Structure formats: structure tokens, C-alpha cells
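Laboratory data are not the source of any read-out in this text; all were calculated from the coordinates shown. In this text the structure is predicted, and so the values were computed from the model without any measurement. In this analysis, Cβ positions are derived from the backbone assuming ideal geometry, glycine residues included, and neighbour counts consider all displayed protein chains.
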Amino acid sequence: MDNFENEHSEPLLAPENQTTGARDTRAVFATDSGDIRPINGIKDFLREFSIEVKKLWYLAGPAIFTSLSQYSLGAITQLLAGHISTIALATVTIENCVIAGFCYGIMLGTGSALETLCGQAVGAGRIEMLGVYMQRSCVILNTTALLLCLLYIFARQILKGIGETTAIADAAGVFAVWMIPQLLAYSVNFPIQKFLQAQSKIMVMAWISAAALVAHTVLSWALMLKVGWGLVGAAVVLNVSWWFIVVAQLVYIFSGSCGEAWSGFSLQAFHNLWGFVRLSLASAVMLHFLTHSQ
């Protein structure tokens, strides 16, 4: 156990080969990390800059691709809805950008509290706590999702109350109820993503999101336009796509690919929930208003 803690309490980046003393220019992560060598001139600066940029994009590249792919799921549905009718386009746009967008910001912010705790767990060598924190976050986000379901259920009345036309409010209200499974998928997906990101398992999320995006595009086109299901097809495919991402990531975790980070379900997930809630609320308020102030 001491060896395990010592191994994981070291920094993640490994810029120098401990055997030869040579600088490792690959974008790799290891536990025997050191600091960069002294910079004495422009040549040294450019060398170190190149190395650090590679390491940054090793993580940032797949993470950006994952976010773009998941964002594109709703965008593609919205795009294809424009080929059905003006009302269909307005319906999907309002649900996707107003109702789901509002809830997405809250859920993302609430789930982002997990980043802080996962970072602390990795830094302290308590890798086994990552799984516990993920489960605890899932409990809080699922509770939050159940409360936010009220926005979906009463979307028609809310839209009419803020001055939306009756035709669009009625259609968007019905479509919003159909999209409740997507909201529940958010409540599981965000904790899973933070859990995997803490272990630098970014490529897994990127591949799963890419597969979901391709399947979503093909199925949306087929069901919405060719088969003629319209908004029903849009809701079915969008819900299935988000749950495909969730299930695929869970299969990866349960397969044992995360090592000590996942040791099974634990009752510790229900301990100290109020402290976790306070951290989650602060994170939710900060990120939600930051996102919607742009």
C-alpha cells in the first residue's frame, strides 16, 4: 500500500528520462516527473515550449473533440428539424437552446465540483476515492435532474407565460417532455466524464463521442426525414445517442480498465452529502452564469 501511495503521489508529467537524463519530447504521462530544465536562451525556450504544447494537446485535443461531438448531437437534430417545418425548427430550437440549455448549464456546473475532489484524491494518492466521489456526484445530480424535470413538464405553460405563440409553445411543451431521458443522461454523464478526466482517460471519451455522433447523424436523417417520424424520431435518436454515451462509458469503467479508481458500488457515496451539495451549488452558480453571460 505504501508503494502504491508513493507511486501516485508523484506529479503526472515526465519531462526527463531518469536513466539517460535526456529530455523526453513525447506527449506522455508517467509518475517519475521532474521540472523543466533551466531556460538560458531562445532555443531552450522554443524546445520547452514545444514539449509543453504537445503535452497540453495530448489532453486538450481529445477533450475539445469530445465537447464538440456532444454539442453537435443537438445541433444536428436542430438542423434536420429545419427540413421538416418552421414549427418543428422552432420547437427543437426552443427546447435545445432554452430548456435543455438552461438545465445543461446547471448540471454541468453541479458536476464540475467533482473536478476539485478528484484532483485532491489523485494528489493525495487516494485513487480509490475517485469511484466514491463519482457515485456521490451521481446521487446529487440525479436528485437535481428530478427537480429540473418540472421545467420540462411545465414547459408549455412557462413558454406561454413569457409570451411565446400558442402553436410553438404547445409543440415545444410536448417535445420537452419527450426529452426528459436526455436530462437524466446528463446526470450520469457529467460525473463519469470528470471521473475519467481525472485519470487522463480522454481518448476513451473521444472515441465513444465520435461513434455516437456518426450513429446519431445517420439515424436522425433516416428516422426524421426518410421514415417520416419527424419530431418523434428526433426525440428518440437524441435520447438514445446520449444514453449510448453513458452506457458505453460505464461498460469501460466496469470492465476493470480504471484499476484502483473503481472498486464497485459503495455506501460511502451517501456520506457527507451536504458538504458535497454546498460545493456543487457553488460550482453550478459560477459556471451556469459564466456560460450564459457570453
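Cβ-to-Cβ counts within 10 Å put 37, 126 in ascending order as 37, 126, the fewest first. Extension gain, residue 71-residue 278: 0.36 nm per intervening residue step, less the Cα-Cα distance, totals 71.7 nm. The percentage of C-alpha pairs in segment 69-292 whose separation is greater than 29 Å is 30%.
Footprinting exposure proxy ranking of 44, 170, fewest other C-beta atoms within 10 angstrom first, gives 44, 170.
Model label sites at residue 97 and residue 47, defined 7 Å from Cα along the beta-carbon direction, differ in position by 5.1 nm. Using only side-chain charges placed at the Cβ, +1 for Lys and Arg and -1 for Asp and Glu, the dipole size of segment 69-292 relative to its Cα centre rounds to 80 debye. The simple Förster model, with R0 at 35 Å and r as the Cβ-Cβ distance, assigns residue 153 and residue 214 a FRET efficiency of 0.60.
Using a/c under 1.5 as the rounded threshold, could you call segment 48-201 rounded, prolate or oblate? The axes a ≥ b ≥ c are square roots of the C-alpha gyration tensor eigenvalues, and prolate needs a/b larger than b/c, oblate otherwise.
Cα axes put segment 48-201 in the oblate bin.
Computed from the C-beta positions of residue 59 and residue 226 and an R0 of 30 Å, the FRET efficiency is 0.15 to the nearest 0.05. Is segment 169-286 best put as rounded, prolate or oblate by its Cα gyration tensor, with a ≥ b ≥ c the root eigenvalues, rounded for a/c under 1.5, and otherwise prolate when a/b is larger than b/c, oblate when not? Cα axes put segment 169-286 in the oblate bin. Here segment 205-240 is scanned for amide nitrogen atoms under 13 Å from the site 7 Å beyond the Cα of residue 85 along Cα-to-Cβ, giving 229-232. Rounded to the nearest whole Hz, the Karplus-based 3J(HN,Hα) values (6.51 cos²θ - 1.76 cosθ + 1.60, θ = phi - 60°) of segment 113-119 follow the sequence 4, 5, 4, 4, 6, 5, x, with x at glycine and proline. Our note on the geometry: Cα centres of segment 218-239 and segment 129-193, 21 Å apart.
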